[in-house]
1. So which chymotrypsin sites (Phe, Trp or Tyr not before Pro) in the range 103-206 end up in coil per DSSP with only 13 or fewer other C-beta atoms within 10 Å?
2. Which of rounded, prolate, oblate describes the range 434-481, given a ≥ b ≥ c as roots of the alpha-carbon gyration tensor eigenvalues and a/c under 1.5 marking rounded, otherwise prolate only if a/b is larger than b/c?
3. In whole Å, largest first, what are the principal axis extents of the Cα atoms in the range 544-673?
4. What does the C-alpha gyration tensor say about the overall shape of the range 448-536? Classify as rounded when a/c is under 1.5, otherwise prolate if a/b is larger than b/c, or oblate.
5. Filter the GluC sites (Glu not before Pro) in the range 237-327 to those in DSSP coil with at most 15 other Cβ atoms within 10 Å of their Cβ, and list the result.
6. Rounded to the nearest 0.05, what FRET efficiency do THR325 and GLU239 have when you use their Cβ-Cβ distance and R0 = 45 Å?
7. Taking a ≥ b ≥ c as the square roots of the Cα gyration tensor eigenvalues, with a/c under 1.5 meaning rounded and otherwise prolate when a/b beats b/c, else oblate, which class fits the range 141-300?
8. How big is Rg to Rh over the range 341-423, alpha-carbon atoms, Rh as the Kirkwood inverse-mean-distance radius?
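Read-outs throughout are calculated quantities, based only on the coordinates presented, and are distinct from any laboratory measurement. For clarity, every value in this text was computed on a predicted model and none was experimentally measured. Because the Cβ atoms are built from the backbone with ideal geometry, glycine has one as well, and the counts that use them run over all protein chains shown.
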Amino acid sequence: MGLVEHQVAAFLLFLLTGMGAGQRVVTIQKGPLYRVLGSHVTLWCKVSGYQGPAEQTFQWSIYLPSASEREVQIISTADPSFPYAIYTQRVRAQEIYVERVQGDAVLLHITELQDRDAGEYECHTPNTDGRYFGSYSAKTNLTVIADTLSVSMGPQDLIHTEGDAMELTCKVSRSTAQHTHLSVGWYCLRGEHRAEILTLSKDFVVMPGPAYAQRFLAGNVRLDKVGSTSYKLSIAAVEPSDQGQLYCEAAEWIEDPDGTWKDISRKQSERTSLVVTPQDQDLCVGIAATKSNPSEGDTLRLNCTLEAQRSDSRHFQVAWLLNSTEVARIDPRGLLVWKKEYEKRASLGQLHAFKQSNTVYILTIHEVGLEDSGAYHCSVLEVKAPGNFQSIQTNLSSALRINVKPIGLGLHATLISRTATVSYMQSFELICRMSASRPVEELLLSVGWLFQPKPPTDGYQELVHVLPDGTVSWGRAQPRFQGKAQLMKAGAFSRLHIHSAVAGHAGTYQCKVGVWRTLQGQPTVSFTSNAVGINVVPPESKLRVATRENSMEVAGGADASIECRMELPLNNSQLAVSWYYLPPPPEDANPLLIVRASHSGLLEYGAEFSSPTQKSRFLSQRVSRHVFQLRILSASSGDQGQYCCAAEEWCWLEGGWHGLGERWSGRTRLLLKLPESELHLEKANHSILARYGQEVTLGCLLKSTLPPAVRLSATWFHRKEDGHERPLLTLNHDGAIESLQKGLVGRLQLRRPTAGDLSLTLASVQEDDAGTYHCQVQEWQQQGNKDKWELQTWALSGYTQLTTTPPETTVLSRICSSPSLLNFILCLPLVLILLLALAGFCWCFISRKRKKGTIRGDQLMELQGAGGIKQT
């Protein structure tokens, strides 16, 4: 059992024991855990005592040793965007994944452990309870250690006679710092079957494999540890069943904190080839043929002969091989088995094989073909009994070379087409011309048509096959051509006619011709023609759209209708119509999508026209069969510009709707008639320089006084350097304010809309705010009905040019941004004061010392004068 299987078994045991219900408890595999670099590691996690759905969400994170307080998200069972960038690629590649054992238990898999995977792992389950009660996460430590396990045994090629003694030595060592145990096992590999010989377990117990149990108990097979690193396998008497590839396998085990042992590394040695020669190997095998150079269509008989003592009482399995590939075999009970690729020929009577006696076995091939050429062998296996296939000995005959001579028919096929490109629903024909050295009419011919779609998939597919007796069989490609393909054959020509071609018929075609000796079996010779490509051109749209340029002028606040006229084909096609807006200069600005009505009737608004206000003002309508209309309700100055439509015809083709290409209309320029304005707005232009993060106010002041029955509406516009103008904020005449740009919500504010001051305050200026700003103010007056307000006049303010720059860097800001420089400046005065105090103290001390010396000298002089004592 491997590393992952041990961990899964331990986890399932834990699940069976369970935990009692109550408060939520998250349990994780107990650490610290030590795992080897490059190994497949699993960590289990379980939650109990929860409420809510039976399938709980699990989130795995890690706290790396280099940043033990920082959580790094690895993977979640519910959120694909949960992993941090360093784990995203490994999660997508399934190098890290979560296996759900049951609804409340999972296993975290790391398929190839890396050094950076070491750290503290956290398993978290989001709350699904009615309240927070219990623990919602648990942690464990994982340490990544080097793989120091070493397993070696020099490869050898050994040949022993049955009954010989044999010894093999394997060296196993490791230098892991942690306390670990080793297990060492010896194995014999025969083909794909691995037989266990002996294993020294991690608990120092020697255990034999099932096939070696009796020989181990009898002392004929031993495993001994020699020295500190060597493990010796001893076989007192080898048997034929010991033949194969021998190797040793070692595993390093560590005990986890929960008391279970885990194999953290497993390695195999090089392999030693062992051949055991039976003591009684007297079997000889021969092969012979009736003809070594048969012609196509002839009959070939291959005889396998055995020579052995007491052959009548022995049991053999015989197989015929062609170029080392088995054709057929007869087992000791006389049961004949054909290989799959020969089953069809055997069912048609072209192949026969039987056991003539215990020493003679015959294979007959009727109507040999070129594919039957090659080197033939007979392989014989001797077994103990018909029901016991334990091998006693095997032997292989020498090679018998068979060369099948082709019949010189000069077969040839040429494929032609009158056209390589056809229109959609047009018919086309392919002609296969056949020729041979003999008249084609005298030959039994089969014709197959091959097709490879465009673009190519997995090679040519058979479309249809016609046998010499006229039987027609359809191939894999037939569904594409159902009801549309017609075959005709006349003399040396075979025609494939395709009616009403569609896109699925585009591709490459070939014809394959075969010559048959009889109406049964297989063709003796075949030839494949050249390839011919057919391209199917999709239908062309018959839609025509008016392209004349127009202009129209409407009064401000009135509705505008822009028409898109077209001529439609008389068919069942559908139309998709898109309306576009081109702002005023620059003229080369990209058109902005207003609204698109799909062929199925769905409406899709462009990004600049997706607000509720814009959607309610711009309406796409179909007025008649030939006329579509864009209605603009309450047109304002911001709506001025050019409008056009793009129409696309959609047709139902091959089970789905397909677009046939767009047709663009001419442009319609929309202008607004300006009523004589009685609104007096500040018209002066201004320039403002603002640094990032500052707050600016953009002026829009009404100079005149408004009558009480009048209301104002206003819209602020921002034009960037690329020339595109967009509305920012609208004040409706009912006092409602609507922000038209989601990214600016919270940064825009009108100063005093009720007092005629419609200035706009822009908070926290950013780089993208640079450009030109102006406001449009409209005057509304109530007419009769209390709920009806009509636009009377409108006016534009002056323009304000806003330039944005990064914050200025001053000396003070530089000082404040550098902690070391700030600390230096703050500490410098204190240091200077201390130095001055120290200098003053030193000066006072020196002065006092000098003064004392002068006084002492004077006193000595006085004594000399009085007593005659000399100064010394």
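1. Answer by residue number: TYR132, PHE204.
2. Oblate shape, in that a/c is at least 1.5 and b/c is the bigger or equal ratio.
3. 50, 31, 29
4. Prolate is the answer for the range 448-536, as a/c is 1.5 or above and a/b outweighs b/c.
5. Passing sites in the range 237-327 are GLU270.
6. 0.90
7. Prolate, since a/c reaches 1.5 and a/b exceeds b/c.
8. Rounded to two decimals, Rg/Rh equals 1.24.
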